[in-house]
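Below is one structure, written out as structure tokens, with a few remarks after it.
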Amino acid sequence: MDVEEYLRHDGLGLAELIASGQVTASELLEAARSRAKAVNPAINAIVAWLDDHAGQRVAGELSGPFAGVPFLLKDLHQDLAGTQSADGCRALAGRKATKTDTVVQRWLDAGLVVFGKTNTPEFGSKGVTEPVLFGPARNPWDLQRTPGGSSGGSAAAVAAGIVPVAAASDGGGSIRIPAACNGLVGLKPGRGLMPAGPVESEQLNGLATNGVISRTVRDSAAMIDALIGPEPVSPFATALPDRPLAEQLDEAPGTLRIGYTARCALREQPHPEAVRAVERAAELLTELGHEVEEVDPPHDDRQLGRDFLLMWFVHQAVETDRIRRETGCGDEGFEPDTLMMAALGRMAGAAELQQAQERRREHVAALAGFHGRYDLLLTPSLGEPPIQVGSLETPPSLQAISRVLVRTRTTRVLRLIGMVDQIVEKNLAWVPYTQLANITGRPAISLPLHRTGTGLPLGVQFVGPLQSEALLLRLARQLEVAAPWTQPTPLLEAA
């Protein structure tokens, strides 16, 4: 199979070619590798190659809905025994996984052929993908811009045509942000639907979940069908769809009440492109017969941002301490920003963390009240078009100061000078809409319904109530048919 033919199909389409005998899994793997060889030097999406594993897969018998389809794992908490598991961290460079995570095993059971792992920021801690260990991933539509994060490598690989669908995860927007940056579909399932075992019961106290980034709605639906289901370490039993999501896609979603907004407290004025994105989506939805109206944000997004980052900082403190114990590394094993986040996390008292955790109930109640009046919340996926690579890099002078503060354990001064609020503003202002679904555990999807005048993707997000994955996917399919978003694969030049 030549690359041009390979690029014309989504994941299920490629599986259908194999099932009908028109192509072999080996030929698909060769096409994927050929495409990767051509474009990965420019986008830096793949940071580990699993050639031996992939070769063994295509040489054996494969079954499942995606049998023989090339696939990439995210190099963060998606472990395949015997292969790289670096989490974007220098202290973990060269580490080999000793187990295969449940979600990875289910991808293998679905017949996928894993041949690499994708770039991610250290511990998935940013909305851009620029780890010191591997260097920045780049957006195929503009190599000077970010593909988002933390699943930026996966999204760049899909947008560039290396694979039609790739593994991802989402702790604060890490599926939806890169999907929006690259013109792709990104569904974050609701809390507890995706497996997190066999070691963890749930990721990041329930804020994070596994998933995929794809070019088509049907690939996303079929992937969820392949992944969901109970596992022994789950902390609670989650209600599953009564039938496969992929079978429901062509059912009309009905007339929906949808409230939309581009306003948020983290930006004085919404970016004009973000406003255009939701207004055009609202117009399309109205043409399709839905009831759409502009609303105020249903929650205190500034407080939610502070609560989200506090939980994240504490998580970084726990993670870095664990890795120090396991590897014996010092500060040199981590990026300065990670050390600063961890230091801020250690500053948090037990009562402060518990207050943030309890405020989750307030955020849940606010969104539940909104969903009592509207079926879905519509927002931009991004606060602005994909930003330049390096835009969020901490200046060397501030890095030097932070190293001193960390070493002398005087990071409390950062609160006195308002640095925590500055971190909230800087890191969340360009992606202020996605954390709501993580804090509340609700499903949300980013769809590629908007591009800027210069051709940059900027998606729109729909947030649903609990167990609304089927509704989100049915609406997504309706929009995909009404306003097809398939774009020519971007032409890439060396960075």
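Set the Förster distance to 45 Å, then compute FRET efficiency between E247 and Q422 from the Cβ-Cβ distance, nearest 0.05.
E(calc), rounded to 0.05, equals 0.40.
List, in order, the whole-Hz ³J(HN,Hα) value for each residue of the stretch 139-154 obtained from phi through the Karplus relation with A = 6.51, B = -1.76, C = 1.60 and θ = phi - 60°; use x for Gly and Pro.
Rounded to whole hertz, the list is 7, x, 7, 6, 5, 8, 10, 6, x, x, x, 8, 8, x, x, 5.
For n ≥ 4 DSSP H runs only, could you compute -39500 (n - 2.57) per run for the chain, divide by its residues and tell me the 222 nm figure to the nearest 500?
-12500 deg cm²/dmol, from helical runs alone.
In nanometres, what is the gap between the two model label sites at A81 and D300, each 7 Å from Cα along Cα-to-Cβ?
4.9
With Cα extents along the principal axes in Å in mind, check [x] 57, 57, 50; [y] 95, 65, 47; [z] 66, 54, 47 and report the label derived from this structure.
Recomputing Cα extents along the principal axes in Å here picks out [z].
Could you give the length gained on full extension between D321 and Q355, defined as 0.36 nm per residue of separation minus the Cα-Cα distance, in nm?
The span from D321 to Q355 would gain 9.9 nm if fully extended.
Suppose we keep just the DSSP beta bridges with both residues in the chain; what percent of those would be antiparallel, to 5?
So the antiparallel bridges in the chain amount to around 70 percent.
Testing the spin-label approximation: label points 7 Å from Cα along Cα→Cβ at R257 and T454. State their distance in nm.
Taking the two extended label points, one gets 4.1 nm.
Using alpha carbon centroids, what distance separates the stretch 250-274 and the stretch 47-99, in Å?
Centre-to-centre (Cα) distance: 37 Å.
Got a sec? Which residues in the stretch 324-365 would a label at N205 touch, if it sits 7 Å along Cα→Cβ and we count backbone N under 17 Å?
341-365
Between D109 and A368, what length in nm is gained on full extension when 0.36 nm per residue of separation is reduced by their alpha carbon distance?
Separation in residues times 0.36 nm, less the Cα-Cα distance, equals 89.6 nm.
All of the numbers you see were taken from the coordinates with simple rules; none came from a lab. Since we're looking at a predicted model, the values are computed, not measured. Cβ atoms come from the backbone with ideal geometry, glycine included; neighbour counts cover every protein chain shown.
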